[in-house]
Amino acid sequence: VRAARDAATGSVVRPSTFNDRHFKCTTAGTSGGSEPAWDTTIGNTTADGSVVWTTEQALTIEVTVDTVTDSGVFTVVYSGDAPDALLTGGLLTFIGGHNANVPPIEVKTWVLSTRTITLFLPAPFNVGGITDSFLGLEDGSGNILLEGGDDLLLESGDVLKINAGCAKDRLACISFDNIYNAQAEWYVPGTKVLFRTPNAQ
């Protein structure tokens with residue numbers, strides 16, 4: 001957040017210390033000489049010079065791995081309140097650890113109450129000490145000779161980022177302020193409508 005800058009209505013800023021929120025300009029103007037004390041309650045406003053910012057749920061969260069069930073299910077350390085629907089279907093990117101250079105992986109489910117993430121596909125590298133078969137070699141008798149070990153683990157403390165998912169419906173497009181780019185497939189008649197005939201009665 002830069003001090004003494006012009007802000008247009010609809011522009012968005014993040015605080016210098018990420019707090020699971022971003023702030024949308026709802027009254028244009030010039031910001032104050034220093035970063036304000038942000039009101040983190042969603043829907044509340046923060047005055048900043050002549051600018052008014054409205055608090056919104058951030059569409060990206062940063063968390064660290066806590067406990068691991070397997071390479072596709074683990075819990076994270078997270079003190080925010082991102083609802084289940086926000087991150088389900090989103091993209092998870094590993095920032096640290098041995099999975100840091102792999103492409104983003106889609107989130108199957110996010111459960112806020114237990115801080116549990118389930119991925120559609122497992123992380124490429126072993127998670128939490130459970131070695132996947134593709135990390136080993138077969139000995140010719142059908143047995144897997146496990147290789148790698150601790151140097152290939154996704155460990156507690158690894159940092160990752162999750163971007164919000166999209167339900168691909170009209171309400172999601174509105175919530176992302178992107179209705180003008182909607183493909184509007186939900187308005188296309190299905191096959192039952194195309195082959196429907198008048199009621200003969």
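Computed from the coordinates by the stated procedures, all read-outs in this text should not be read as laboratory data. Computed from a predicted model, the values in this text were never measured in an experiment.
Among the lysines, select those whose C-alpha is under 22 Å from the C-alpha of LYS192, and discard any that sit fewer than 8 residues away in the same chain. Reachable lysines: LYS168.
Between the alpha-carbon centres of segment 161-201 and segment 55-128 there is a gap of 27 Å. A cut-off of 5 Å between modelled amide H atoms, ignoring neighbours fewer than 5 places along the same chain, links VAL52 with THR26, THR27.
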